[in-house]
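Taken together, the values in this text are just the output of simple stated rules run on the coordinates, not laboratory data. Quick caveat: nothing in here was measured; it's all calculated off a predicted structure. Every residue, glycine as well, gets a Cβ built from its backbone with ideal geometry; the counts of neighbours run over all protein chains shown.
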Amino acid sequence: MNHAARCAAIVTTALVVLPRAGAAQSAPASAEPPGAGSEAVALTYDESTPADCPSEEEFRAEVTKLTSKARFTSEPGSRPIRIYLDRRGNQVVGRLVTGEGKNQSSREVRGKDCREVSSALAIAMALTIDPDALGAEPEPPPEAAKPPPPKPAPQPKPASPPPQVLWGIGAGLTIENAWAPQLHPGGHVFVMLGVGERLRLSLGTTYFPTREDNGVSFRGWFGRSDVAWSVAVSGVLRPFVFLGYEGGVVYAAGSGLETTVQATRPWHTLNAGLGLRCETRELFFQLGGSLLVPLSRQQYLISDPDGSTTPFYETSRFGLRQETSLGVFL
């Protein structure tokens, strides 16, 4: 766009609103409303315009390009419109005069180039005849506010898969110091039930071979049950706590005066402890230690050749147990 066109656009902006009022003031009572059809216009174009201004034919052609409703004629009753262009110093002053007498109105445009001023007057005249000459359309009414979309129904949480159940068998070594003097390891075997990643239940039996101390021997068979809970799961490592019960029989034998004396005593303890298990899907290895609390305290006596008896061993209030085991899952 050249300089002349840009200036014409600037001048045009100043005139877009103005011709509407002029049309309302100068329209005769019998004139048709704008946009109802073509309008007869009696155009008077100032013949004393400067030489660099467009001719009347050029001016009419420009108005015709803007609107098809302008019908130039000299018939009586036509709307009179007069265009004046005059140079004053370094400016060109243009005027658009519509109507006559009390209904007359005028608009003035100033610019440095006559063609720019003439183009602005042509736009003003076209809008006076046809308010929609520039293709302006009334803004459509705002759309009715749409209701917010319904919230999606909450999806039911997928059912948690049932905990995995594992079965295993294991064996290991155990050391206890509560039910007899002289520590000797015993062996134990057990079955294990695993539920999920943390819960482990075990049931087994332990046999302690004979221990001898100053002519007195002890051995025992115990059944055991434990409930273990892994407090953490870190890879294959599972530190755990456990509670258990141990019950069985202690066999004791010693020398009397002339015959050997034997005794069979029941054995019951509760235990609680800590352990560490290394577990995979195929096998496990665990270490544990616990505190034993005997539910009954046993006392063993020995007699001398004179028949006097003296205490030989008494079950302690508390005991310790340590165990190591290895197993496989079936």
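Each other residue within a Cβ distance under 14 Å of Pro266 adds +1 if Lys or Arg and -1 if Asp or Glu, for a net charge of +1.
Would you mind computing the Rg to Rh ratio of region 177-257 from its alpha-carbon coordinates, Kirkwood style for Rh?
Values: Rg = 17.1 Å, Rh = 14.9 Å.
Ratio value, two decimals: 1.15.
The residue among Ser106, Ser160, Ala124 whose Cα reaches farthest toward the positive pole of the charge dipole of region 54-210, with charges on the beta-carbon of Lys, Arg, Asp and Glu, is Ser106.
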